[in-house]
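Engineer: Got a structure for you, questions after.
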Amino acid sequence: MSDSSKKRWYVIQTFSGFEIRVAQSLREHIKIHSMENYFGEVLVPTEDVVEIRNGIRRKSERKFFPGYILVQMVINNDSWYLVRSVPRVMGFVGGTSDRPSPISDKEVNAIINRLQQAGDKPKPKIIFEPGEMIRVSEGPFSDFNGVVEEIDYEKSRLKVSISIFGRATTVELDFSQVEKS
């Protein structure tokens, strides 16, 4: 059995906030040391999220596992040392410090499926649920509390039931006009 016959997925702990930089450095180290046959993919699992700040829709990336990256590789002394020598790598997750254990194929497939679903369309940064209590922060109903009835993520709008003069009234509000209470 040759070393390159079975690449497994390993989780590597990095400094939080440096995941993308570590993944890029690792790819460069692999090329510099000509170890491409020991390594497969290097993943930083992220999803696109949409948030509304000051009335402006902004897309940003949110990491599924902050502080961790996934690497498909064959473990041997050289590949282990190469990963450990990359700046801002704290070590492998699982197993012992000198003999890390790979994650299961089931876990890898779940992560990859989640990445593919996240790629379809961006999610809102704040997620609302029907029946949830919210507080109106802007507009004519500011400082009123209400209950979420319907959510339209496509338009970033909510239908909220607000009690005005003792009667429940349904109003449609933008995500930017409400906050979780």
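Residues are listed down the side, and each one gets a yes or a no for (1) without any contact (Cβ under 8 Å) to a residue 40 or more places away in the chain; (2) farther than 23 Å from G95 by Cα:
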| position | (1), (2) |
| --- | --- |
| T14 | no, no |
| R21 | no, yes |
| V42 | yes, no |
| I56 | yes, yes |
| I69 | no, no |
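Engineer: Let me spell it out: the conditions are (1) part of a loop (DSSP other than H, G, I, E, B); (2) open to solvent by 70 Å² or more (accessible area, probe 1.4 Å), and S142 meets all of them except one. Which number is the exception?
Structural biologist: Among (1) part of a loop (DSSP other than H, G, I, E, B); (2) open to solvent by 70 Å² or more (accessible area, probe 1.4 Å), S142 violates only (2).
Engineer: Quick check on P100: is it touching a residue at least 12 places away in the same chain (Cβ under 8 Å), under 27 Å from the mean Cα position of the chain (by Cα) and open to solvent by 30 Å² or more (accessible area, probe 1.4 Å)?
Structural biologist: Taking the combined requirement at face value, the residue does not satisfy it.
Engineer: I would also like to ask the following. Looking at the range 64-97, which of its residues are touching a Gly at 6+ places or on another chain (Cβ under 9 Å), open to solvent by 60 Å² or more (accessible area, probe 1.4 Å) and either within 15 Å of H29 (Cα to Cα) or not in a loop (DSSP other than H, G, I, E, B) (or both)?
Structural biologist: Scanning the range 64-97 gives R84, M90.
Engineer: Turning to a different aspect of this structure: Among the residues of the range 34-43, is there at least one that is among the acidic types (D, E), assigned to a strand (DSSP E or B) and within 30 Å of Q177 (Cα to Cα)?
Structural biologist: No - not one qualifying residue is present in the range 34-43.
The values are calculated or read from the model by the stated rules, or taken from the named source; none is laboratory data. If you're wondering where the values come from, they're calculated on a predicted model, not measured in any experiment. As a convention, Cβ positions derive from the backbone with ideal geometry for all residues, glycine included, and neighbour counts pool all protein chains shown. Heads up: the accessible areas ignore ligands, DNA and RNA and are worked out on the full protein's heavy atoms, side chains in. Shrake-Rupley method; radii C 1.70, N 1.55, O 1.52, S 1.80 Å.
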